[in-house]
Structure formats: C-alpha cells, structure tokens
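No lab work stands behind these numbers, since they all come straight from the coordinates. Just so it is clear, the model here is predicted, and its values are computed rather than measured. Positions of Cβ are generated from backbone atoms using ideal geometry, with glycine treated the same way; all protein chains shown enter the neighbour counts.
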Amino acid sequence: MNFELSEEQVMIQQTAREFAESEIAPSAVERDKNAEFPTEIVKKLGELGFMGMMTSPEYDGAGMDTVSYVLAMIEISKVDASVGVIMSVNNSLVCFGLEKWGSDFIKENYLKPLARGEKLGAFALSEPEAGSDATQQQTTAVKEGDHWVLNGIKNWITNGQSADYHIVMAQTDKEKKHKGITAFVVEKGTPGFEHGVKEDKLGIKSSDTCSLTFTNCKVPDENVIWEVGKGFNFAMNTLNGGRYGIASQAVGIAIASYEAAVKYSKERKAFGTEICNHQAVQFKLADMAVKVEAAKLLTLQAAALKDAGKEYLKEAAMAKLYSSTIAVECALDAIQIHGGYGYVREYKVERFLRDSKITEIYEGTSEIQRIVIARSLLKEF
Ligand code: CAA
C-alpha cells in the first residue's frame, strides 16, 4: 500500500491550490452575499483543464486520473464550495457519463466543448415528485418522426441557468417503468425549454440552482444517450461516478473549517491564554483532524479504486456519506470555537456550515447512500 502522491498529482494539487487562493478566494465572500454565479472563474477553470479533468484527450479532456480530480476538487471547495459543485457536476455527472455512454455524435458535438470548458453542463434527474425516489419520472418524451417531444418539469438543477447542455431523463415508455426511461442531451435555447428563477438557497449561493420546464420541446433523435430505455441505468451509473466529487467537496469544506478553527484558536485569548491551550478546544480540534483525515482517505480510496479499474460503488457511497456528515460537524465545531465571531459573516465559518448542509442532500441523500452501501454489502456475503 502506498499513500504517496505521484509528482503529477502533487503538481495538480498545487495548481488547484494556487488558483483557488489567487482567483477564487478574493471574491468568494462577495459572491456568496450577492448569490452571483462565478462566470469568469468557471471560464478560467476550463482553460486550466479542470472542467474535463478525467475526460480523455481524444475528446479534448485533460486525461487526468480520478485521484487528481479529487485533490483539485478539495482545493477548490476549500475556498468556495459553490465553485466546487459547478466543477463537480460538469466533470463527474456530465463529461463522465457522456464519454462512457454517449454516441460518436454526442462526443463530438457535446462532450468536446464541455471537456474544454467552453460549454457548461447540467444533469436533470430530480423532479417535484421524484427526488430520492428517482424511478418515478413524470417528464415524458414521445417519439415523432426523427425527434422526441419532451414535456415536464425538473427540479433542483445545479448549473440550471448557466448550462449550455443539459442531460435530461424522461419517461419514454410508462408501461416499462424505470426500464422505459431515456436520457437526452438538450441544448439551452431549444424552443419549449425554459429555466426557472434561481433558488434562494441556504448555502452554495453562487451556484445557480433552478427548475427546468419542457413544453412540447423537440429534441433530435441523435441526442439520445446510450439507448432508448437505458436512461435510468445511465443516471444510476453516472451518479455512482459522481459521489466521489461531492465527497471531495465535503472534504474541502471540512478542511476549511478545521484550518479556520486551528488558526483562530491560536489567536484568540480567554482566561489568560490562547484558547488552543484549553483542553475543551483541543479535544474539538483533535476530533476535527481525525474526521478530516478519515474522510479524505475514504474519498481517495474510492478514487484510487476507480483508477485501478476496480469496483468502487460502495466505497464512493461511503466516502460521500462520511465526508458530508463530518463536513457539517466540523463546520459546527468551527463556529463553536469562534464563539460569537463564528456567527457573523466576517469570519467566514458560518458560510462553511451553510455550504456543508447540501452535501448531505444532493447527488443522493445520506439515507440513499446508506441504501446503496447496505445493498452492496449484503451482496458480498
Ligand atoms: N448503480 C447502478 N444501478 C443501480 C443502482 C446503482 N447505484 N441502484 C439501482 N440501480 C438499478 C437496479 O439494478 C435496477 O436495475 P434493473 O431493474 O435493470 O435490475 C434499477 O436501477 C432499479 O433499482 P431498484 O429496483 O433498486 O430501485 P429502487 O427504487 O428500489 O431504488 C434508488 C433506486 C437507489 C433509490 C435510486 O432511485 C436512487 O439512487 N435515488 C437517488 C437519486 C439521486 O441520487 N438523485 C440525485 C439527483 S442528481 C443531483 O443532485 C445533481 C445535482 O444537480 C447536484
């Protein structure tokens, strides 16, 4: 077993760290306050090759491994989790699935510009009546000649307003239930396709989450991903690949909380000494450090298994479940250590708490992760 990163992985981590500190950090507080989408930052991430990190160079991606992706996601999310989720969705929910299951047409026309970071992607599975219970898709697609006509509503779509290409799951044969769901690429601007207003969220405020509406929206047959009826399978397998992305985002938030807490505890004095000298604070810092390390290792393990071509479904779900849980816990502890200062915007740690909560909800809630883990481990015995 080797815990050493390769030279290339260290370089990517360093590049992400420098970019996060110089380009993302200075505007993070303002963008959070104004719920402003980081358009320029996303463009620059694309130029760095961070929007299609794992996509093969054959499709204009950076051809990096999953471990490098996790390292970069941690660095970016440490500074701004909103930027983290935008990057994660494009990489692991959009480029990953299109490369694996998209046709040559889809790869040429959609994957390549997405991997270059010139276009942005979104993944539209959730609906008002189909969140965790994702087989209950109400959006329909009916074949008419050489195109499909989509009708329905999607909810909670990350990158919903800014994305150029949306992966949309729709019911194409109700009788067949989840085996009658098909995935499509739908371009922004297609007549009959509109996005809703940006949701006013608790956290990750500068990412644009919104609903999508399809009203007799015509999508060409060539935009079907994989095969008709394979859409649920596609969505599940893509989400399996997405979980280490959100796990990394959560690890990034947890590290940010932990580092802020250590720093503050060495500056703030109470009862005649820096508060880091009080055991009550030390115990919190020690627990945070252990949690951060364990979450990071679980996430890197899932990524390393994927890079080795091994099964990683259970490990990715474990990484997401644990990392998101401890991200919330570390953010809460960081606030507690900051006391009243932790409760105001100026000290940033309140943002870590607001940003952390969503990691327990999207791309499969913690309860769904437990289902995935339990089903997987029960098969092993
Ligand atoms: N990987 C691959 N296939 C899977 C799978 C998995 N993790 N889980 C289920 N499947 C397959 C099953 O094998 C089965 O296929 P077959 O019928 O062909 O054998 C099919 O899916 C249906 O499975 P079940 O009968 O087990 O269905 P279920 O309803 O009992 O459970 C579920 C399904 C696991 C709960 C699923 O609905 C699920 O994962 N829900 C969570 C949805 C989710 O993660 N949403 C996130 C939205 S995306 C998002 O947040 C993006 C964003 O913008 C940030």
Cα axis of helix 25-34 to longest principal axis of the chain: angle in degrees, 0 to 90, nearest 10? 70 degrees
Given the C-alpha centroids of region 149-167 and region 83-111, what is the distance between them in whole angstrom? 14 Å
What is the helix-to-structure angle for 66-79, meaning the angle in degrees between its Cα long axis and the longest Cα principal axis of the chain, kept from 0 to 90 and rounded to the nearest 10? 60 degrees
Surpassing 22 Å at the alpha-carbon level, of the pairs K107/K179; K143/K230; K320/K357; K107/K176; K174/K230; K33/K188, are K107/K179; K107/K176; K33/K188
Anchor K269: aspartates and glutamates whose Cα lies under 17 Å away (excluding residues fewer than 8 positions away in-chain): none
If you take every DSSP beta bridge whose two residues both sit in region 72-224, what share of them, in percent to the nearest 5, is antiparallel? 85 percent
Give the shape of region 27-168 as rounded, prolate or oblate, defined through the alpha-carbon gyration tensor: a ≥ b ≥ c are the square roots of its eigenvalues, a/c under 1.5 means rounded, and otherwise the shape is prolate if a/b is larger than b/c and oblate if not. oblate
Counting DSSP beta bridges with both ends in the chain, the antiparallel % (nearest 5): 85 percent
Using alpha-carbon coordinates, inclination of helix 231-267 to the longest axis of the chain, degrees: 20 degrees
What spacing in nm lies between the two simple spin-label points modelled at Y341 and E380, each 7 Å away from Cα in the Cβ direction? 4.4 nm
Between E118 and A35, how many nm apart are label points set 7 Å from Cα along the C-beta direction? 3.3 nm
If you take every residue apart from K296 with its C-beta less than 14 Å away from the C-beta of K296, what net charge results, scoring Lys and Arg +1 and Asp and Glu -1? -1
If one computes the Cα centroid of region 1-77 and of region 324-344, what distance in Å separates the two points? 25 Å
FRET E, pair Q138, E222, Förster distance 30 Å, beta-carbon r, rounded to 0.05: 0.75
Sort 225-232, 273-280, 25-32, 159-166 by the packing proxy (mean of other Cβ within 10 Å over each peptide's residues), most packed first. 159-166, 225-232, 25-32, 273-280
Per 0.36 nm of contour for each residue apart, how much would the distance between E47 and Q282 grow if the chain were fully extended, relative to their Cα-Cα spacing? 80.4 nm
